[in-house]
Structures are given as structure tokens and as C-alpha cells.
Amino acid sequence: MDKLVDYLGPSATNGPYARLLLNSPHNRNALSTALVGQLHQGLRDAAADQDVRAVVLGHTGGTFCAGADLSEAGGSGPPPSAYDAAAARAREMAALMRAIVSSPLPVIGAIDGHVRAGGFGLVGACDIVVAGPRSTFALTEARIGVAPAIISLTLLPKLSARAAARYYLTGATFDAHTAAEIGLITMAADDVDAAVGEIVADVGRGSPQGLAASKALTTAAVLEGFDRDTERLAQESARLFVSEEAREGMLSFLQKRPPSWARSK
């Protein structure tokens, strides 16, 4: 299996933290089943390392994460099989986001690239997020016939209601400064590495028990939402992904053409 997530422990980072790097530039770090599984494993490896006080989640290339891997999204076989596959992927994504939220380690997002669709779920799950000047954000699901269903588990607790409505419905692109203003990220920075380094140094002064208990206070309500809404949202996500509109939207995206509903009559 190709290595799509690089794990760097404290001996490599020269600090009290582990770094997870999304490293699948051929598809803009899309959330393939393999990448999700490797990221899950990296989180487990970090939590098992007594020398790790925090996890820095970053990326290689100009895109942090482009969302779902559309080459996998449609499933195969008759509609029931496709639906089941889409629901399973949504549950897998929910499990990954929940692992970030429930980890006893603070997870710090280090972003200096594009964030799209499901990539927002990772951003929302992180405890602290720094984004640089090359970062752009856009929730474009509605443009391909679906919705940001499962990633709402981490997004809606962070975004203001007005901001969620605006960017869920328009798919408009915004920058790191706007992302900070609406609560999606913690701060915009010209030098992401320097800003993250300062945060890691501060977090590194905390004890394992103190960090875990402090983080738990900030995530309790989010985890309640996971327990309450994951299955409902996974089924909604699957229903949308196997619909005719979504098939047309994904095909038009892959073929780099407007979808049928955007064509002039």
C-alpha cells in the first residue's frame, strides 16, 4: 500500500510533538479510504508515544485536503451496494474526525494551501488551527449535488450560524483571515511554521493529565453531537452521493465541464 500519510515522531521533529503530513499530491490529498486509514493509525501512534504532548496535522503540496476522493465516491454495483458503500465511507470519516476530537492530545492544524469539502471536517476537528497566506477555503458540495453532511459534526459547533449558511449555500471561496473571523480556524499567519512552533512550545509545558482534562472540557459538547447525529448524517450523506444529481455533479467535475443544471437552456 502506498504511504499517503507521513508520521514524524519527537526524534524527527526535535520537539514534544508528532507531525502527521498528508502526502497524496496526485489527488490533492483527497480522503481516500487508504489515506483515512493511515491518518487514523498515525493518531493512534502519537497517542501511544509517551514523549508526545501534541500532534501537528499538516500537508505537502499546495492543497491541504480536497475532500472526498471522487474516484471512489460513487461506489459500484446496484444501488443498494453503492448506498452501503457511501454510508460506510461517511461513518469512516466520522470515526476519523471523532478520533481527532477525542484524542487526549491537542491536535494543531498547520495549513498553507487549499481546503475543500471534506477537508473542512479535519480542520473543524482540530483544537487549534493556523492557516497561511496561500490558504483558500470553499464548501462546494452543493455545486455537485451533495451537502456537507458528515463534516457538519465538527463545522457547525465552530462556525457562526450566519457564516455556515453563507458558505454552505454559496460555495464561495474565502481566505485565512475570513476563516479566523468566522471561527473556522484559530489564526491567520504569514509564517505558519513559526506560529505553530510557538503554540507547540506553549502546549509542551502542559502535563499529559492536564492537557487531556483541559481538552475534554472543550470537546464534550462536540462529542455529544457525534453520538447523537453520526448515523443520521451518514445515511443522509449516502442518500445524496448515490443520487442522479450527485452522479452528474461528480462526472461534470471529473470531466471539467458545467453540470447539467448549470447549462443555459
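Apply the membrane-span-like helix rule to the chain: whole DSSP H runs, Cα extent along the own long axis of at least 20 Å, mean Kyte-Doolittle hydropathy at least 0.0. List the helices found.
Length and hydropathy pass: 33-48, 79-102.
Please identify which residues in segment 181-198 have an amide N closer than 12 Å to a label point set 7 Å out from the Cα of residue 162, following the Cα→Cβ vector.
Correct set: 182.
Please list, in chain and number order, the residues 5+ apart from residue 112 or on another chain whose amide H is under 5 Å from its amide H, with Hs placed from the backbone.
For residue 112, the qualifying residues are 132.
Collect residues whose amide H, placed 1.01 Å from N in the peptide plane, falls under 5 Å from the amide H of residue 24; neighbours closer than 5 in sequence don't count.
Residues meeting the criterion, in which the H sits 1.01 Å from N, are 29, 60.
Can you list the residues, at least 5 places off or on another chain, whose amide H is less than 5 Å from the amide H of residue 15, using H built in the peptide plane?
Under 5 Å from the amide H of residue 15 lies no amide H from a residue far enough along the sequence or on another chain.
Counting only protein heavy atoms and a 1.4 Å probe, tell me what percentage of the chain's accessible area is made up of carbon and sulfur.
55 percent
Post the alpha-carbon centroid distance, segment 111-160 to segment 5-39, in whole angstrom.
Result: 18 Å between the Cα centres.
Which shape class applies to segment 23-143: rounded if a/c is under 1.5, otherwise prolate when a/b exceeds b/c and oblate if not, where a ≥ b ≥ c are the square roots of the Cα gyration tensor eigenvalues?
It is oblate, given that a/c is not under 1.5 and a/b is not larger than b/c.
In deg cm²/dmol and to the nearest 500, what is the mean residue ellipticity at 222 nm of the chain if only DSSP H runs of at least 4 residues count, each as -39500 (n - 2.57), divided by the residue total?
Only helices count here, giving -15500 deg cm²/dmol.
In square angstrom, what is the accessible area per residue of segment 5-190 with a 1.4 angstrom probe?
Ligands and nucleic acids excluded, the result is 38 Å² per residue.
For segment 66-216, what are the per-bin percents of Cα-Cα distances with bins 5 Å wide, up to the bin holding the maximum?
Taking all Cα pairs of segment 66-216, the binned fractions are 2, 9, 17, 20, 18, 15, 9, 5, 3, 1, 0 percent.
The values are calculated or read from the model by the stated rules, or taken from the named source; none is laboratory data. It should be emphasised that the depicted structure is a prediction, and the values quoted were computed from it without experimental measurement. Cβ sites come from the backbone with ideal geometry, for glycine too, and all protein chains shown count toward neighbours. Keep in mind that these areas ignore ligands, DNA and RNA; they rest on the heavy atoms of the full protein, side chains included. Shrake-Rupley method; radii C 1.70, N 1.55, O 1.52, S 1.80 Å.
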